Amino acid sequence: MTLSIQYVNKIHKHFLPKNILSFWLKSTLLILDKQKIDCDINIRFVDSYEGQELNNAYRGKDYATNVLTFAYKHTQDYVHSDIVLCTDVVEKEASEQNKALFAHYAHLIIHGILHSFSYEHETEEDNNIMQALEIKILNYIGLLNPY
């Protein structure tokens, strides 16, 4: 398992250190029963400007969004992806929704990891499956249902 992290500033590096992010990834792999899969995942924290540019370039939406997942490869033995979190959007959402910032980051990172494994939420059935997994993983790491 390779986990790389790129921080927009030192605050996030101290607030969300690599050992915490690694624990969230390992917990997700455990719940998915994918502990033996080779993962190459990069988590990048960006500002609104970069978040908007990426969302516009890759999704045609001219605004910053909370999380983007770029799933490059997913096979039975290997996963390679980038997960990009726009810190400004995540922090604004947590405040507006009265959620603990740490828990909101955990939820969105787990959400991104699930996308890396080809989970989607385009249909109601797929959405229900993905949300159930998110709740199960968050519960496993000691956090409450975000919905």
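The numbers here are math on the coordinates, done by the rules we state, and not lab data. All of these numbers come straight from a predicted model, not from anything done at the bench. In this analysis, Cβ positions are derived from the backbone assuming ideal geometry, glycine residues included, and neighbour counts consider all displayed protein chains.
Laid out as a table, the results:
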{"item": "Percentage relative contact order, the chain, counting C-alpha pairs under 8 Å, at least six apart", "result": "22"}
{"item": "Trypsin sites (Lys or Arg not before Pro) restricted to DSSP loop in the range 42-142 with at most 14 other C-beta within 10 Å", "result": "Lys61"}
{"item": "Calculated FRET efficiency for the pair Asp126/Thr65, C-beta based, R₀ 22 Å, to 0.05", "result": "0.70"}
{"item": "Neighbour-count order for Cys39, Cys86, fewest beta carbons within 10 angstrom listed first", "result": "Cys39, Cys86"}
{"item": "Partner lysines for Lys73 [C-alpha distance under 22 Å; skip if fewer than 8 residues away on the same chain]", "result": "Lys26, Lys34, Lys36"}
{"item": "Amide H partners (placed H, <5 Å) of Ile5, local residues excluded", "result": "Ile43"}
{"item": "DSSP beta bridges in the range 2-140 [antiparallel fraction, %, rounded to 5]", "result": "35"}
{"item": "Rounded D (µm²/s) - the chain, Kirkwood Rh over Cα pairs, Stokes-Einstein at 20 °C, 1.002 mPa s", "result": "139"}
